[in-house]
1. Are there strands (runs of 3 or more DSSP E) fully within segment 1-86 with at least 1 residues that are in contact with a helix residue (DSSP H, G or I) (Cβ under 6 Å, 6 or more places away or on another chain) and surrounded by fewer than 16 Cβ atoms within 10 Å (Cβ to Cβ)? List them.
2. Please determine, by comparing only the residues of segment 94-135 that are among the polar types (S, T, N, Q) and part of a loop (DSSP other than H, G, I, E, B), which one is farthest from residue 49 (Cα to Cα).
3. How do the pairs read when you match residues in segment 1-24 that are among the basic types (Lys, Arg) with residues anywhere that are modelled with pLDDT of 90 or more, using Cβ under 7 Å and keeping only pairs 6 or more apart or on different chains?
4. Can you confirm whether residue 91 is surrounded by 15 or more Cβ atoms within 10 Å (Cβ to Cβ) and not in a helix (DSSP H, G or I)?
5. Quick one: residue 110 ticks every box in (1) closer than 25 Å to residue 28 by Cβ; (2) surrounded by fewer than 16 Cβ atoms within 10 Å (Cβ to Cβ) bar one, so which box is it?
6. Output yes when any residue across segment 9-16 is within 20 Å of the chain's Cα centre (by Cα) and under 24 Å from residue 117 (Cβ atoms), and no when none is.
7. What single numbered condition from (1) assigned by TED's automatic domain parsing to the domain that holds residue 3; (2) in contact (Cβ under 8 Å) with a residue 40 or more places away in the chain fails to hold for residue 38?
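The values are calculated or read from the model by the stated rules, or taken from the named source; none is laboratory data. A quick note: this is a predicted structure, and the numbers were derived from the prediction, not measured. Cβ: placed from backbone, ideal geometry, glycine included. Neighbour counts: every protein chain shown.
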Amino acid sequence: MSGITKTTVCTSPDGKYQQKIQAGPHQIIADEPRSLGGDGTGATPISLMLGALGACTAMTLQMYAGRKEWPLAEVEVFLTHEKREDHDHIGREIIIRGDLLTAEQRLRLLEIADKCPVHKMLSGSARITTSERPA
């Protein structure tokens, strides 16, 4: 099964490590903090990746609740990254707001969080290939 190819371009406009990320019509600046030799002008690549997971998680829950017509008011996702001896660990805590949601609905939303595409990509079998592109 083939998916949609999405292209994001990164270029080095200014500073030692700064990257301009062009994702369709949107631009984001990434950089390393001063403590690691960067200029601190943007989010770190790890922070951007965590942000992508958090945004995807919240969107997935909102879409699911919307299709089910559940009274979900708001979703907040808190993420942490920790380097451990033999692996990276990502912690995800989700606040589900909606006074009229049942306990069963809340539990189901937590299960659905693992279905977001970024979660699946990070915990699945994504393969990355690298090749040189002519200038």
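1. Values: elements: 8-11, 19-23, 26-30, 74-83.
Qualifying strands (runs of 3 or more DSSP E): 74-83.
2. Narrowing segment 94-135 to residues among the polar types (S, T, N, Q): 102, 105, 123, 125, 129-131.
Now drop any that are not part of a loop (DSSP other than H, G, I, E, B), which leaves 102, 125, 129-131.
Numbers: 102: 31, 125: 17, 129: 19, 130: 19, 131: 22 Å.
Only one residue fits best here, namely 102.
3. That search, which allows pairs on different chains as well, returns 16/37; 16/38; 16/39; 20/27; 20/29.
4. Values: surrounded by 15 or more Cβ atoms within 10 Å (Cβ to Cβ): no; not in a helix (DSSP H, G or I): yes.
Against the criterion (surrounded by 15 or more Cβ atoms within 10 Å (Cβ to Cβ) and not in a helix (DSSP H, G or I)), residue 91 does not qualify.
5. Exception for residue 110: condition (1).
6. Kept after step one, since they are within 20 Å of the chain's Cα centre (by Cα), are these residues of segment 9-16: 9-10.
Now drop any that are not under 24 Å from residue 117 (Cβ atoms), which leaves 9-10.
Within segment 9-16 (the criterion being within 20 Å of the chain's Cα centre (by Cα) and under 24 Å from residue 117 (Cβ atoms)), the answer is yes, since at least one residue qualifies.
7. Every listed condition holds for residue 38 apart from (2).
Okay, residues lined up against (1) under 23 Å from residue 122 (Cβ atoms); (2) among the hydrophobic types (A, V, I, L, M, F, W, C); (3) at pLDDT 95 or above; (4) within 14 Å of the chain's Cα centre (by Cα):
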{"residue": "27", "(1), (2), (3), (4)": "no, no, no, no"}
{"residue": "54", "(1), (2), (3), (4)": "yes, no, yes, yes"}
{"residue": "60", "(1), (2), (3), (4)": "yes, no, yes, yes"}
{"residue": "64", "(1), (2), (3), (4)": "yes, no, yes, no"}
{"residue": "70", "(1), (2), (3), (4)": "no, yes, yes, no"}
{"residue": "75", "(1), (2), (3), (4)": "yes, yes, yes, no"}
{"residue": "81", "(1), (2), (3), (4)": "yes, no, yes, yes"}
{"residue": "98", "(1), (2), (3), (4)": "no, no, yes, no"}
{"residue": "101", "(1), (2), (3), (4)": "no, yes, yes, no"}
